[in-house]
Amino acid sequence: GDSVTQTEGPVTVSESESLIINCTYSATSIAYPNLFWYVRYPGEGLQLLLKVITAGQKGSSRGFEATYNKETTSFHLQKASVQESDSAVYYCALGEGSGTYQRFGTGTKLQVVP
Amino acid sequence: EAGVTQSPRYAVLQEGQAVSFWCDPISGHDTLYWYQQPRDQGPQLLVYFRDEAVIDNSQLPSDRFSAVRPKGTNSTLKIQSAKQGDTATYLCASSSANTEVFFGKGTRLTVV
């Protein structure tokens with residue numbers, strides 16, 4: 001089936017350090033999967049961080065970036081220098097396109113400490 | 001622009017009780033989703049609609065769960081005879097053909 005596996009949390013990183021949250025996917029029923037990273041900040045709803053719909057492309061937002069790698073079926077989230085305000089839960093997801101639902105990973109809780 | 005609104009924000013039930021969750025999507029969004037998110041897991045689709053039609057309800061436990069969107073706008077998710085295993089956050093989301101998916105803050109349900 002279609003599924004997403006991501007780094008188990010919680011992950012603790014010191015401010016200004018680099019971050020990578022791993023995400024791999026399996027898309028057996030979707031010919032051209034779209035890949036997403038969502039974030040949930042404390043007290044807020046889930047919101048889209050970035051998405052990439054074409055293999056080989058990179059998406060970026062708020063200093064985060066992720067590259068859609070079809071060969072390794074990966075979509076790792078990276079940031080060169082995290083801030084305390086990045087503390088949140090991050091979810092990797094895959095979907096078929098606009099107007100269809102998404103399949104989510106279990107989420108990775110990130111805590112950035114001073 | 002108002003976001004996706006859900007109510008109530010919290011609910012605590014005893015096993016066997018019924019509960020309804022209400023969702024008001026973003027105006028103009030034709031697609032509405034209900035997800036269940038157990039603690040420490042990712043959201044899992046229960047059902048989604050396009051306008052008033054159910055597109056996929058294959059993951060909805062039909063013996064106790066039901067969902068409607070009668071006019072293609074607001075939606076209600078109902079659980080009859082709740083079980084402890086239903087304890088989770090219930091998320092509503094909406095989208096249209098050319099937009100991302102927007103999520104509400106969810107309803108946290110505890111069944112004791």
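Each value in this text was obtained by applying a stated rule to the coordinates, not by laboratory testing. Just so it is clear, the model here is predicted, and its values are computed rather than measured. Methodologically, a virtual Cβ is constructed for each residue, glycine included, from the backbone with ideal geometry; neighbour enumeration extends over all protein chains shown.
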Within the range B:1-81, DSSP-loop GluC sites (Glu not before Pro) with at most 12 other C-beta atoms within 10 Å are B:GLU1, B:GLU15
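For chain B, what is the convex hull (Cα atoms) projected area averaged across all directions, in square nanometres?
Across all orientations, chain B yields a mean hull projection of 6.6 nm².
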In debye to the nearest 20, the charge dipole size for the range A:23-109, taken about the Cα centre with +1 at each Lys and Arg Cβ and -1 at each Asp and Glu Cβ, equals 40
Reduced to Cα centres, the span from the range A:5-64 to the range B:39-112 in Å works out to 23
Simple spin-label estimate for B:GLN17/A:SER98, 7 Å along Cα→Cβ, in nm, reads 4.3
Computed ³J(HN,Hα) along the range B:72-87: with the Karplus parameters 6.51/-1.76/1.60, θ = phi - 60°, integer Hz and x for glycine or proline, the list is x, 10, 5, 9, 10, 10, 10, 10, 8, 6, 4, 10, 4, x, 7, 4
For B:THR110, the net charge from surrounding residues (Cβ-Cβ under 14 Å; K, R +1; D, E -1) works out to +2
Scoring only Lys, Arg, Asp and Glu (+1, +1, -1, -1) among other residues with Cβ under 11 Å from the Cβ of B:GLU52 yields +1
Normalised Cα Rg of the protein assembly as shown, dividing by 2.2 N^0.38 Å with N its residue count, works out at 1.02
Treating only Lys and Arg (+1) and Asp and Glu (-1) as charged, each at its beta carbon, one finds that the protein assembly as shown has a dipole about its Cα centre, in Debye to the nearest 20, of 280
Looking only at lysines whose Cα falls under 18 Å of A:LYS70's and that sit 8 or more positions away or on another chain, we get A:LYS51, A:LYS58
The answer for the longest stretch of chain A without any exposed GluC sites (Glu not before Pro) (DSSP loop, at most 15 further Cβ atoms within 10 Å) is A:72-114
Among trypsin sites (Lys or Arg not before Pro) in the range B:23-112, those in a DSSP loop whose Cβ has at most 13 other Cβ atoms within 10 Å are B:ARG39, B:LYS71, B:LYS83
Karplus-derived 3J(HN,Hα) from phi for the range B:36-48 (6.51 cos²θ - 1.76 cosθ + 1.60, θ = phi - 60°), whole Hz, x at Gly and Pro, runs 10, 10, x, 4, 6, 10, x, x, 10, 5, 9, 6, 9
Once both label points are put 7 Å beyond Cα along the C-beta direction, the B:GLN59-B:ARG39 separation in nm becomes 2.1
Rh (Kirkwood, all Cα-Cα pairs) for chain A, Å, reads 14.1
Residue span A:GLU44 to A:THR12: 0.36 nm per residue of separation minus Cα-Cα distance leaves a gain in nm of 9.5 nm
Of the range A:18-42, those with amide N under 19 Å from the point 7 Å along the Cα→Cβ vector of A:GLU71 are A:23-27, A:33
The computed P(r) of the range B:8-55 puts the percent of Cα pairs beyond 17 Å at 51
Sorting B:PHE49, B:CYS92, B:SER20 by the position of each Cα along the dipole of the protein assembly as shown (Lys, Arg +1; Asp, Glu -1; all at Cβ), the one nearest the positive end of that ordering is B:SER20
